[in-house]
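Single-structure report; data block below.
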Amino acid sequence: MTTVTPPQTRSARPRLRDRLVKLAEAAATPLVPADYLDLVDPLRSGAALRARIVAVQPETRDAATLVLQPGRGWAGHVPGQYVRLGVDVDGVRQWRTYSLTSPADRADGLIAITVKAIPDGVVSNHLVRAATAGTVLQLDQAAGDFVLPTPRPAKALFVTAGSGITPVMGMLRSALHELDDVVLVHSAPTADDVVFAAELRALAADGRIRLVEKHTDVDGMLGTAELDALVPDLAEREAWACGPTGMLDLLEGHWESRGLAGRLHTERFRPLVVAAGEGGTVTFSRTGAEVEADGATPLLQAGEEAGVLMPSGCRMGICFGCVLPLRSGAVRDLRNGDLTTAAEGDGVLVQTCVSAAAGPCDLDV
Amino acid sequence: MTAIQNKPVDPTAHLSDEDVEALGRELDAIRDSVLADRGARDAAYIRKVIDVQRKLELASRGVLLLSLFPPAWVAGTVGLSISKILENMEIGHNVMHGQWDWMRDPKVHSTTWEWDNASPADMWKHSHNELHHTYTNVLGRDNDLGYGIMRVDEDQRWMPFYLAQPLWNLLNACVFEYGIAAYDLEIGKHLKAKKRGTADVAAFQAQLRNVLQKVKKQATRDYLVHPLLSGPSALPTLGANVTANLVRNLWTHSVIMCGHFPEGVETFTKTSIEGETRGQWYLRQMLGAANISGGEALHLMTGNLSFQVEHHLFPDLPSNRYKEIAPQVQDVFARYGLTYVTGSMPKQLASAWGKVVRLSLPNGFLSRRTAKAVPVALVQRVRPARAEERAAA
Ligand SMILES: Cc1cc2nc3c(=O)[nH]c(=O)nc-3n(C[C@H](O)[C@H](O)[C@H](O)COP(=O)(O)OP(=O)(O)OC[C@H]3O[C@@H](n4cnc5c(N)ncnc54)[C@H](O)[C@@H]3O)c2cc1C
Ligand code: FES
């Protein structure tokens with residue numbers, strides 16, 4: 001038997017739902033119903049995206065993997081992408097970006113990131129050494145274009161160093177069965193510092209990848225001539241590189257000089273800073289805060305330190321999650337030294353994570 | 001009491017300018033020590049209070065669905081009253097002061113918080129944080145002194161209108177949330193400006209609309225939605241909401257009276273704060289507030305305004321820290337020969353109410369007369385005062 005749904009019930013349903021939502025809002029004001037639901041289930045669908053730490057697994061003496069249960073609004077990711085995490089350290093919410101190291105479609109729906117503690121690093125040390133299972137973190141949907149193309153390349157080269165292995169590990173765990181010829185050149189201070197060492201060495205032993213480990217404490221840094229020698233067919237390979245700024249600058253120069261620029265994809269964990277502003281008084285006019293900021297401090301950081309609710313994202317100039325209107329004044333882009341000025345009422349949009357004051361300036365936040 | 005500058009003996013006369021600045025530096029050091037150590041423990045505290053308050057509210061409103069049964073009515077009303085007091089005092093007041101902004105949590109931030117009170121957050125923050133905390137106890141500048149309807153200082157000229165001020169004060173206490181909203185609107189100031197033709201009518205009306213909208217939402221929730229949800233218990237639930245709001249109003253009004261009205265709290269003349277230094281500002285805050293002594297529960301239910309002195313010195317430090325720094329603050333008072341005004345709630349309330357009654361009469365009125373002679377003398381006083389007013393008008 002076929003049933004015909006009368007149109008009025010279809011439209012009646014949403015109307016009933018709207019009414020119930022309105023009623024719940026009227027009962028909850030000045031809060032919203034979500035504030036009460038969050039007390040019970042912070043990971044429910046419809047909630048602001050969050051994740052709960054399921055396990056913290058040590059990797060090396062200064063790195064650990066955090067296995068996370070994302071909220072039901074999680075939309076999935078493409079291997080190689082990163083997420084933003086909001087972590088409360090000493091009671092203060094800090095946002096940082098971490099590459100996903102878990103395969104894309106785990107049956108249990110869990111995701112993982114792998115963090116390397118850097119000296120004096122606020123969030124990385126907290127996550128590696130103090131985070132505990134059960135803690136709820138703020139999460140944002142996956143983003144980033146440091147990913148494998150479809151169809152997969154016939155030959156792939158990955159050049160990584162330190163924590164730069166993370167996005168590559170995500171790709172290998174998800175898509176290695178679709179890659180026929182993989183070379184991984186990975187640098188770490190010593191053999192013990194190699195994150196995912198056991199898994200990578202097992203893949204190499206099985207002949208699934210060719211692994212070249214560089215232990216820089218004894219071998220020294222990877223040079224371009226050395227790389228050419230290690231990977232003679234480099235020019236035939238689609239390449240992905242992730243690691244410290246110095247290494248990436250070197251590789252980009254090398255690929256360019258060999259006329260291969262389009263074939264190298266890089267992921268940077270830090271912005272490329274070349275210039276400093278002049279510094280000045282920064283006014284956050286809607287909040288009513290005012291701070292003196294020097295020419296090297298990003299406006300994002302200056303605002304956060306003054307207790308202003310600054311929007312943020314990657315914190316390195318790629319996601320535009322931190323953009324705010326500059327009502328007046330001058331700021332300098334720390335990556336290239338470009339000066340942006342705004343007169344009263346202009347509201348020029350600036351990326352606060354990579355801009356510093358270049359004189360007095362007024363942000364609309 | 002008289003403004004400190006007009007007193008025969010100024011209680012700060014023994015302090016030199018250098019003393020006052022040294023005192024300021026000592027208080028700055030106390031503040032810095034808290035800032036240096038502020039962290040996870042504090043964040044856990046406010047999150048816990050918010051969590052407990054919301055669960056208590058949910059539970060109380062849940063129980064009130066059956067408020068037809070007297071035990072449920074009593075339990076629900078007590079719970080809802082406590083929840084509303086916590087929400088206004090320890091949470092709302094302190095969050096809107098920016099005490100928790102350093103956590104950078106958009107959900108617990110002075111710029112995003114809205115509270116269960118008739119006065120919209122933005123308006124309240126302006127009149128409370130900017131006016132009251134800046135002009136604390138300055139006659140003619142701090143509207144919190146008597147809310148513009150009471151005579152709270154000998155230096156304020158007596159008028160017959162003030163005879164009824166004990167009554168005004170009691171009425172204001174019962175409907176305190178609306179009193180606050182009306183006074184945050186600065187209605188008196190607006191009316192005066194209107195007379196002079198300098199009023200920004202559009203701005204005032206916009207604010208008024210905001211208040212009415214907020215009042216409507218609040219009233220719909222407490223007096224319509226929750227009663228209707230209670231079905232057969234609608235009327236008792238309505239009664240419970242009215243009671244909880246009344247209890248909250250009386251309580252917050254009492255706490256605030258204890259903070260600035262008891263005897264021993266000083267007031268200041270308008271001109272005395274011109275060019276005030278940081279040390280002088282601290283000194284005014286020290287003398288312009290009074291504490292309430294008591295246990296943990298009292299401190300929590302007053303939103304730690306039982307440490308009004310510490311709060312006025314450091315309005316943006318997390319409230320859970322006030323009791324921790326109180327001994328250091330008291331030590332500063334003692335070493336600089338100043339009086340730290342404090343007392344139990346009944347004592348401070350009696351003192352504040354005593355002052356409201358005393359100042360409803362002309363200065364020195366009671367001390368000069370026997371109880372029997374008071375009514376006759378009052379009538380004699382009112383007549384010429386009325387005539388004077390009419391002549392002035
Ligand atoms: C797209 C993207 C993906 C990332 N993926 C990962 C990942 O998978 N695993 C991981 O461990 N990290 C990753 N990062 C880096 C991470 O976001 C943080 O920058 C890092 O954890 C340091 O944060 P922190 O709070 O510990 O250090 P901070 O307290 O912010 O900084 C402390 C000091 O270290 C310096 N510093 C900041 N970042 C770095 C850095 N990356 N390397 C060296 N010095 C630094 C700062 O200038 C400062 O002097 C990624 C970053 C980006 C932009
Ligand atoms: S935070 Fe991503 S561009 Fe600034």
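The values are calculated or read from the model by the stated rules, or taken from the named source; none is laboratory data. The structure displayed is predicted, hence computed values, not measured ones. Note that each Cβ is placed from the backbone with ideal geometry, even for glycine, and that neighbours are counted across all protein chains shown. Accessible surface areas use protein heavy atoms only, side chains included; no ligands, DNA or RNA. Shrake-Rupley method; radii C 1.70, N 1.55, O 1.52, S 1.80 Å.
Some notes on this structure:
- For the peptides B:226-235, A:329-338, the ranking by mean Cβ contacts within 10 Å, running from highest to lowest, is A:329-338, B:226-235.
- Using the average count of surrounding beta-carbon atoms within 10 Å as a protection proxy, the listed peptides B:94-104, B:27-37 rank, highest first, as B:94-104, B:27-37.
- Dipole in debye (nearest 20) - the protein assembly as shown, about Cα centre, beta carbon charges: Lys, Arg +1; Asp, Glu -1: 4120
- Placing unit charges on the Cβ atoms of the charged side chains and taking the dipole of chain A about its Cα centre, the candidate lying farthest along the positive direction among A:Thr352, A:Ile53, A:Gly144 is A:Ile53.
- Dividing the summed -39500 (n - 2.57) terms of all DSSP H runs of n ≥ 4 by the residue count of chain B sets its mean residue ellipticity at 222 nm at -18000 deg cm²/dmol.
- Region A:280-363 shape via C-alpha gyration tensor axes, a/c threshold 1.5: rounded
- In this view, the solvent-accessible surface of A:Lys155, computed with a 1.4 Å probe and all protein chains in place, comes to about 50 Å².
- Take every DSSP beta bridge whose two residues both sit in chain A; close to 65 percent of them are antiparallel.
- Per-residue average of Cβ from other chains inside 10 Å of B:95-107: 5
- For region B:17-392: accessible area per residue (Å², 1.4 Å): 44
- With a 10 Å cut-off around each Cβ of A:23-29, the average count of Cβ atoms from other chains is 5.
- Element breakdown for the protein assembly as shown at a 1.4 angstrom probe: carbon and sulfur atoms account for 58% of the accessible area.
- Taking 7 Å steps out from each Cα toward its Cβ at A:Leu16 and B:Val379 produces label points 7.2 nm apart.
- Shielding by partners for peptide A:30-36, expressed as the average number of C-beta atoms from other protein chains within 10 Å of each residue's C-beta, is 4.
- Cα centroid separation, region B:230-289 to region A:288-365 (Å): 39
- Square roots of 5 times each gyration tensor eigenvalue, C-alpha, chain B, largest first, Å: 34, 30, 21
- Among the listed pairs B:Lys7/B:Lys355; B:Lys7/B:Lys125; A:Lys22/B:Lys125; B:Lys84/B:Lys347, those with a Cα-Cα distance over 22 Å are B:Lys7/B:Lys125; A:Lys22/B:Lys125; B:Lys84/B:Lys347.
- 1.4 Å probe accessible area per residue over chain A, in Å²: 47
- For chain A, the relative contact order is 12 percent, taking Cα pairs closer than 8 Å that sit 6 or more residues apart in sequence and dividing their mean separation by the residue count.
- Between region B:72-142 and region B:172-213, the Cα center-to-center distance that results, in Å: 19
- Counting DSSP beta bridges with both ends in the protein assembly as shown, the antiparallel % (nearest 5): 60
- Label point distance in nm, B:Ser293-A:Asp41, each placed 7 Å from Cα along Cα→Cβ: 5.2
- Eligible lysines near A:Lys214 by straight Cα distance, threshold 28 Å, same-chain separation 8 or greater: A:Lys116, A:Lys155
- Relative packing of A:85-91, B:194-200, A:107-113, B:294-300, which averages over residues the other C-beta atoms within 10 Å, highest first: A:85-91, A:107-113, B:294-300, B:194-200
- Considering only B:Gln213, B:Gly279, A:Gln81, and ranking their Cα positions along the charge dipole of the protein assembly as shown that arises from unit charges at the beta-carbon of Lys, Arg, Asp and Glu, the one farthest toward the positive end is B:Gln213.
- MRE, 222 nm, helices only [DSSP H, n ≥ 4, -39500 (n - 2.57), over chain A, to nearest 500]: -6500 deg cm²/dmol
- Size of charge dipole - region A:76-121 - debye, nearest 20, with Cβ of Lys, Arg +1 and Asp, Glu -1, no other charges: 120
- Partners of B:Lys270 within straight-line reach, counting aspartates and glutamates whose Cα lies under 14 Å from its Cα and excluding those fewer than 8 residues away in the same chain: B:Asp142, B:Asp153, B:Asp155.
- Dipole-positive endmost among B:His93, B:Phe176, B:Ile149 within region B:84-190 (Cβ charges, Cα centre): B:Ile149
- Placing dummy labels 7 Å off each Cα toward the beta-carbon, the span from A:Glu178 to B:Ala44 is 4.6 nm.
- On association of chains B and A, roughly 2200 Å² of accessible area becomes buried (total for both chains; probe 1.4 Å).
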